[in-house]
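Everything below concerns the one structure shown next.
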Amino acid sequence: MTTGILAYGAYIPRLRLQRRVIAEANGWLNPALKGLARGERAICNWDEDPVTMAVEAARDALAGRDRATVAELRFASTTFPFQDRLNGGVVAEALRLSEEIAATDVGATQRAATSALAAALKSGSESLVVAAEQRRARAASPLEMAAGDGAAAVLVGEGEPVAVLLASAARTVDFVDHYRTADSVYDYQWEERWIRDAGYIPTVPPVIGRCLAAAGVGAAEVTHFCMPTTLPRVAAMVAKAAGIPDDAVRDNLAAVCGDTGAAHPLMLLVAALEDARAGDRILVVGFGQGADALLFEVTPAIAARPAGLGVKGHLARRREETSYARFLAFNDTVEVERGMRAEADKLTPLSAMWRNRDAVTGFVGGHCRQCGTLQFPRSRICVNPNCNAVDSQEPHPFAEKRARVNSYTADRLTYSPDPPACYGMIQFDDGGRWMMDFTDIDADDLAVGQAMRMTFRIKDIDTQRGFRRYFWKAAPATGGSQPR
C-alpha cells in the first residue's frame, strides 16, 4: 500500500470584505493603505471561528469517506479559541470521529500546518490534518488588509493516494519576523524589507534545495510552487533563487481571499490539487521560525477524486461585504453598545454539556427500531403517535442530512450580534424536524421550502467567563457545501 494524500478539502467564509472600504475608513490616518485597497478578503461571520471552519474544511475533505478509519487528527492554528482545552477534540466530536482517535493541537508558528502534515505522513496511520486561522489585526494596519479567514484539510494514509510525498526537509531558526504573546491580542511585525532579505531569501531556498535533492528532482521539474507570504513578489524571488520556473509559482489568493495564516500552505496545496494532473510535482513551503518544504507527485487517482467544494467552490460562494463597522464589531475591534437584551447570563453548565455532547456537538438524534421514525432530539419515547415505543431509539446522525424550511421568522426583538435573528422550523428530507437558528442568509431571502444544509457554528459566547458554546445551524444549501 502507498502512503500519501487520500483526500483534501477547504472552507472559506461566505463574507468578503472589500479592501477599499478599509482604506476609505482609515486613509486619513495611513494613506499608504490606498495602495493595498485592491480586491477583497474573506471574513468570518459572527458565529464562525477556527474550530467551526476546521469542521467545515474537514467535512469537505471527508465527504463520501468512512470516517471510522481516521486514527489521528492534527489541528494547526495560531488563533485557537481555547488555550487550555483540546480544540481538536471539539472538531473530532463534531465530525463524529472515533473516541479512540489521537487528537493534538499544533500551534505557535505560521508553519504549524506544514509541520503537522510532515509528521502525519511519517506516522503510518490514517491522519486528518486540518488548519484554520482567524487572525485579529489592529484597525488601519497592513495585516488587516492582507489577512483572510479560512481553513483547509488534508487526509493522509495508505490506499490509493491522489499525491505521494517524494521528500521533505525542514530548518528551525529563531528568526522573529513577527510575534504575539499570551498577553497580547495583535501581532507585532518588523520591517518588511528586512523580513524578505534576512528571512525568506537566506532561509527558504536551501531548504527547498535539500528537499529536491532528497527526491532526486530538479527545480525545473516543479509544476506548482506553493509558498504563502503577505510580502509582494517574495514567492517569485524565492522560486528564482531556488531555480523553480516563474510559471510554477501559484497565485497566493491575495485578491480573492487574503492570507489565511497557518492554514495558507494547505489552502494553496488544495488549490494546486484542484488544478493538478497526474505526474505534476507540487512543492509546498511553510515559513515561520525556519521553513518546511514538502514535495508531492500527483498520481492518476486524481482523476477519480470526487469533486468537493474545495477552494474554488468556496471562492464562488461569496457575498460582498461593504460594512467595515460590521467587520470591526464581529472581531471585537471596537466596543459596541449591544443593548440590555445582550446582558443575559449565558453560563454553560459543563456537566449538562458533557451529558448531551452527542446531540449538541455531534448532532445525533434518534431512529426508532419499531417504526423507523427519525427524530431530533433523541428521547425514550418515539414521537410517532402511531408508535410511541419506549426505549426504541438508536443513535442517528443528522449533520449530513438535507432539509427544507417549514416556517421562518426574522426577529429584531431577540438579541443577535447580526440582527435580525433568523430561525425557524426545519424539516429533514428523510424525516425529523427541529426548530433551529439560520446562518449565512439574508432575511429577505428566507422562503418556505428553501433547501438547507447543517453547519457547525458558535451558538453563544459567554463574555463573563470567556466560554463559547457550539451547536449546529441551518444555512442555504444553494451555493454552499452540499451534503453528499
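General observations
- Taking region 428-472 as the range and being open to solvent by 50 Å² or more (accessible area, probe 1.4 Å) and of a type in the set (Lys, Arg) as the test, the residues that pass are Arg433, Lys459, Arg465, Arg468, Arg469.
- Tyr470 closer than 24 Å to His314 by Cα and among the hydroxyl-bearing types (Ser, Thr, Tyr): yes
- Taking region 55-75 as the range and being touching a Gly at 6+ places or on another chain (Cβ under 8 Å) and in a helix (DSSP H, G or I) as the test, the residues that pass are Ala57, Ala58, Arg59, Asp60, Ala61, Leu62, Thr69.
- Boolean, Val383 is assigned to a loop (DSSP other than H, G, I, E, B) and in contact with a helix residue (DSSP H, G or I) (Cβ under 7 Å, 6 or more places away or on another chain): no
- Lone unmet requirement of (1) under 23 Å from Phe467 (Cβ atoms); (2) assigned to a strand (DSSP E or B) for Cys422: (1)
- Close contacts from region 153-175, counting a first residue that is over 19 Å from Ala303 (Cα atoms) and in contact (Cβ under 8 Å) with a residue 24 or more places away in the chain and a second that is surrounded by fewer than 23 Cβ atoms within 10 Å (Cβ to Cβ) and acidic (Asp, Glu), with Cβ to Cβ under 9 Å and a gap of 6+ residues or different chains, come to Leu166/Glu297.
- For region 381-423, filtering for residues that are touching a residue at least 40 places away in the same chain (Cβ under 8 Å), open to solvent by less than 80 Å² (accessible area, probe 1.4 Å) and either more than 31 Å from the chain's Cα centre (by Cα) or on the phi > 0 side of the Ramachandran plot (or both) leaves 0.
- Odd one out for Ser98, checked against (1) closer than 20 Å to Thr52 by Cα; (2) open to solvent by 10 Å² or more (accessible area, probe 1.4 Å); (3) not basic (Lys, Arg); (4) not in a loop (DSSP other than H, G, I, E, B): (4)
- Considering only residues in region 239-263 that are of a type outside the set (Gly, Ala, Ser) and more than 27 Å from the chain's Cα centre (by Cα), the one that is most open to solvent (accessible area, probe 1.4 Å) turns out to be Lys240.
Conditions (1) modelled with pLDDT of 95 or more; (2) more than 23 Å from Arg318 (Cα to Cα), marked per residue:
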residue: Glu394; (1), (2): yes, yes
residue: Phe398; (1), (2): yes, yes
residue: Asp437; (1), (2): yes, no
residue: Asp442; (1), (2): no, no
residue: Val448; (1), (2): yes, no
residue: Met452; (1), (2): yes, no
residue: Thr455; (1), (2): yes, no
residue: Ile458; (1), (2): yes, no
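- Among the numbered conditions (1) part of a loop (DSSP other than H, G, I, E, B); (2) open to solvent by less than 30 Å² (accessible area, probe 1.4 Å), the only one that Ala103 does not meet is (1).
- Tabulated pairs, region 433-462, first under 17 Å from Ala421 (Cβ atoms), second open to solvent by 10 Å² or more (accessible area, probe 1.4 Å) and small (Gly, Ala, Ser), C-beta under 7 angstrom, 6+ apart or interchain: Ala443/Ala410; Leu446/Ala410
- Scanning region 6-26 for residues that are outside any helix (DSSP H, G or I), touching a Leu at 6+ places or on another chain (Cβ under 7 Å) and open to solvent by less than 10 Å² (accessible area, probe 1.4 Å) gives Ala7, Ile12.
- Reported count of residues in region 51-80, each being under 18 Å from Thr455 (Cα atoms) and open to solvent by 10 Å² or more (accessible area, probe 1.4 Å), is 4.
- Taking helices (runs of 4 or more DSSP H) as the structural unit, those lying wholly within region 194-303 and holding at least 3 residues that are farther than 21 Å from Leu166 by Cβ correspond to 201-215, 234-242.
- When restricted to residues that are more than 19 Å from Ile12 (Cα to Cα), open to solvent by less than 80 Å² (accessible area, probe 1.4 Å) and out of contact with any Leu (no Cβ under 9 Å at 6 or more places or on another chain), region 329-342 contains 4.
- Out of Ala170, Ala151, one residue alone is of a type in the set (Gly, Ala, Ser), out of contact with any Ser or Thr (no Cβ under 7 Å at 6 or more places or on another chain) and open to solvent by 10 Å² or more (accessible area, probe 1.4 Å). It is Ala170.
- Within region 27-50, the set of residues being open to solvent by 30 Å² or more (accessible area, probe 1.4 Å) and either of a type outside the set (S, T, N, Q) or closer than 26 Å to Ala271 by Cα (or both) comprises Trp28, Leu29, Pro31, Ala32, Lys34, Gly35, Leu36, Arg38, Gly39, Trp46.
- In the set Arg355, Arg326, Arg369, only one residue is under 28 Å from the mean Cα position of the chain (by Cα) and farther than 25 Å from Arg412 by Cα; that residue is Arg355.
- Residues of region 176-193 satisfying the condition of being open to solvent by 50 Å² or more (accessible area, probe 1.4 Å) and either in a loop (DSSP other than H, G, I, E, B) or aliphatic (A, V, I, L, M) (or both): Val176, Arg180, Thr181, Ala182, Asp183, Val185, Trp190, Glu191
- Candidates in region 264-313 are the residues that are of a type in the set (Gly, Ala, Ser) and within 22 Å of Ala170 (Cβ to Cβ); of these, the one that is surrounded by the most Cβ atoms within 10 Å (Cβ to Cβ) is Gly286.
- Only a single item in (1) in a loop (DSSP other than H, G, I, E, B); (2) closer than 9 Å to Ala403 by Cα is not met by Arg453, and it is number (1).
The values are calculated or read from the model by the stated rules, or taken from the named source; none is laboratory data. These numbers come from a predicted model, not from an experiment. Using ideal geometry, Cβ is built from the backbone for each residue, glycine included, and neighbour counts are taken over all protein chains shown. Accessible surface is based on the protein model in full, side chains and every heavy atom, while ligands, DNA and RNA are left aside. Shrake-Rupley method; radii C 1.70, N 1.55, O 1.52, S 1.80 Å.
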